[in-house]
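Novice: Below is a structure I'd like to ask you about.
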Amino acid sequence: MTPTTTQGSTLRSNRLGTSDVYVTELGFGGGPLGGLFAPLDDGTAVSALQAAWDGGIRYFDTSPHYGIGHSERRTGDLLRHKPRERFTLSTKVGRLLVPQDPAGRMDGSFAVPAAHRRVWDFTRDGVLRSVEDSLARMGVDRIDLLLLHDAEEHFEDARGDGYRALAELREQGVVGAIGAGMYHPGLLTELVEETDLDVVMLSGRYTLLDHSALDDLLPACAARGISVLAASVFNSGLLATDRPAEDAHFDYAPVEPATLRRAHRLADVAEAHGVTLPQLAMAFPLRHPAVAGIVVGMRSAAEVQANITAFRARIPEQVWDDLRSEGLLDER
């Protein structure tokens, strides 16, 4: 995909590392397309994807893990009918999907029938098979960005055979860029310092409420010219509404009272400047020079349109100064 600007409806794009792959600053996260947290019908999924395209999003991220293939299939249903040079597609490796009899059971992670089971596999053969399976599910001819996925508990396998397989695919031109998607900034920092990645996708660790990536990961990426994609910028929904509810979740668990109070203090500052908490949550990561884009999971056309509107909002510079003076943002 070539660089784009904000002319017309397309969002601005940034380059990933030194690769030839570009992503729009707002990317479509495919987790909800797999039935994350709640079932999702095909019609709603199609409408969400089309709304993203119509709103100028040209970066779409998915994974075999999301709904044991449902997210990839739904993403491919839209993208294979679009001009290939006009979008960027990423998916992930590390889990192979093995068919099984669902026997009336639903998948434990996503609200879909358990027609497959996941098998961890970061070997070269496993990576190659995963890529082949993903291409078939999506019905596209290539993947632009390939990521090692959720490798925290399989780190040595991913750092060794997994990384070497990705590097081989990049060298052969099968994929344009490679990286890793994890929530652990320390392990991602090890990969950044020891390998030749183009990008890391960091989940939930560089947000308005969690600045831990500033310790090591973001400086390491900036020093080596490696791009960062910030995912889970709403921290499991806590930052997704103007005023977080008492029963909101933070990092997939019920929010602690102190964190909820902090979120409301953030909302107070936002409100004083005529902006909203979701607008700040999406704008914040992109203020760091290493961050090329954010990836937001979306499940309906209305949600997509609301997020695009919030993303396009202009944030007064004074907001950030006030958040720092209130002790709500790390001085770095």
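The values are calculated or read from the model by the stated rules, or taken from the named source; none is laboratory data. It should be emphasised that the depicted structure is a prediction, and the values quoted were computed from it without experimental measurement. We place every Cβ from the backbone using ideal geometry, glycine too, and count neighbours over all the protein chains shown. All accessible areas refer to the heavy atoms of the entire protein, side chains included, with ligands and DNA or RNA removed. Shrake-Rupley method; radii C 1.70, N 1.55, O 1.52, S 1.80 Å.
Novice: For the range 109-134, enumerate the residues that are acidic (Asp, Glu) and surrounded by fewer than 16 Cβ atoms within 10 Å (Cβ to Cβ).
Specialist: ASP125, GLU132
Novice: Do you know which residues across the range 112-145 are under 19 Å from ARG74 (Cβ atoms), touching a strand residue (DSSP E or B) at 6+ places or on another chain (Cβ under 8 Å) and aliphatic (A, V, I, L, M)?
Specialist: Matches in the range 112-145: VAL112, ALA114, ALA115, VAL131, LEU135, MET138, VAL140, ILE143, LEU145.
Novice: Being under 22 Å from TYR66 (Cα atoms) and among the small types (Gly, Ala, Ser) is the filter; apply it to the range 279-299 and report the residue that is surrounded by the fewest Cβ atoms within 10 Å (Cβ to Cβ).
Specialist: Top of the filtered list is GLY297.
Novice: Hey, another quick one. State which residue is nearest to VAL119 (Cα to Cα) when the search covers only the range 14-69 and only residues that are small (Gly, Ala, Ser) and within 13 Å of the chain's Cα centre (by Cα).
Specialist: If we take residues in the range 14-69 being small (Gly, Ala, Ser) and within 13 Å of the chain's Cα centre (by Cα), then SER63 is nearest to VAL119 (Cα to Cα).
Novice: Also, I was wondering about something else. Restrict the check to the range 75-86 and report whether at least one residue is aliphatic (A, V, I, L, M) and assigned to a strand (DSSP E or B).
Specialist: Among the residues of the range 75-86, not one is aliphatic (A, V, I, L, M) and assigned to a strand (DSSP E or B), which makes the answer no.
Novice: Same structure, new question: Answer with yes or no whether ALA302 is farther than 23 Å from LEU145 by Cα, open to solvent by 60 Å² or more (accessible area, probe 1.4 Å) and in a helix (DSSP H, G or I).
Specialist: Considered against the rule, which asks whether it is farther than 23 Å from LEU145 by Cα, open to solvent by 60 Å² or more (accessible area, probe 1.4 Å) and in a helix (DSSP H, G or I), ALA302 comes out as yes.
Novice: Going through LEU217, LEU208 one at a time, which residue ends up being over 18 Å from LEU323 (Cα atoms), open to solvent by less than 10 Å² (accessible area, probe 1.4 Å) and within 18 Å of the chain's Cα centre (by Cα)?
Specialist: LEU217
Novice: Looking at the range 43-74, which of its residues are of a type in the set (S, T, N, Q), part of a helix (DSSP H, G or I) and either on the phi > 0 side of the Ramachandran plot or buried (at least 22 other Cβ atoms within 10 Å of the Cβ) (or both)?
Specialist: Passing the criteria: only SER71.
Novice: Please note which strands (runs of 3 or more DSSP E) are completely contained in the range 168-265 and include at least 3 residues that are of a type outside the set (Gly, Ala, Ser) and at negative phi.
Specialist: By residue number, 175-182, 199-203.
Novice: Then there is this: Name every residue in the range 87-102 that is assigned to a loop (DSSP other than H, G, I, E, B) and either open to solvent by less than 10 Å² (accessible area, probe 1.4 Å) or modelled with pLDDT of 95 or more (or both), in order of residue number.
Specialist: Result: PHE87, GLY94, GLN100, ASP101.
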